[in-house]
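So the structure is just underneath, and the comments pick up after that.
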Amino acid sequence: MKPEKLCLKQIFIVDDDESVCRALSVLLATYGFTADTFNSAEEFFRAVPNSIPGCLILDIHMPGLDGWETLQHLFVSGSSRPVIIISADKNEGLQEKASKGGAIGFLQKPFNDQALVDLINKCKN
């Protein structure tokens, strides 16, 4: 069942795993979202200025800037873009760390599709 109201139609996915980017992009398209994918935080920062609205889905473990450094950089730069952290890491403290870092949510891979869509829909325009 597709949600009736989508808060942010533009989604940015930053994950060094191309298959995750592809799968999330296809999934989100079925819910009416537009997804742009990036294989690194550096690539994302070069392409997307803070002024462009959208929700960011961000993996933790990546070469170069990891998810935590990326999250910190976003907020230091004045970005108000909502961020959802995703990770295959099983560390129990990650959800709390993501919340303290300013993320609107944390999902452990593999995660439920509806859980992701629900988090995106919590974002404000």
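The numbers here are math on the coordinates, done by the rules we state, and not lab data. All of these numbers come straight from a predicted model, not from anything done at the bench. Note that we place each Cβ from the backbone using ideal geometry, even for glycine, and neighbour counts take in every protein chain shown.
Points worth noting:
- Between Glu18 and Asp118, full extension at 0.36 nm per residue minus the direct alpha carbon distance yields a gain of 33.7 nm.
- Exposure here means at most 12 other Cβ atoms within 10 Å; with GluC sites (Glu not before Pro) in a DSSP loop as sites, the longest stretch of the chain lacking them is 5-91.
- Peptides 22-28, 80-86 ordered by average Cβ neighbours within 10 Å, highest first: 80-86, 22-28
- When the P(r) of the chain is calculated, the portion above 16 Å amounts to 58% of the C-alpha pairs.
- Put a plus charge on the Cβ of each Lys and Arg, a minus charge on the Cβ of each Asp and Glu, and nothing anywhere else: the dipole of the chain about its Cα centre is then about 560 debye.
- The lysine pair count for the chain, using Cα distances under 16 Å and pairs eight or more places apart or on different chains, is 6.
- Sorting 49-59, 103-113 by average packing, meaning the other beta carbons within 10 Å per residue, from highest down gives 49-59, 103-113.
- Between Ile57 and Phe12, Ile13, Val14, Ile84, the built amide H atoms are under 5 Å apart, and every one of these is 5 or more places off in sequence or on another chain.
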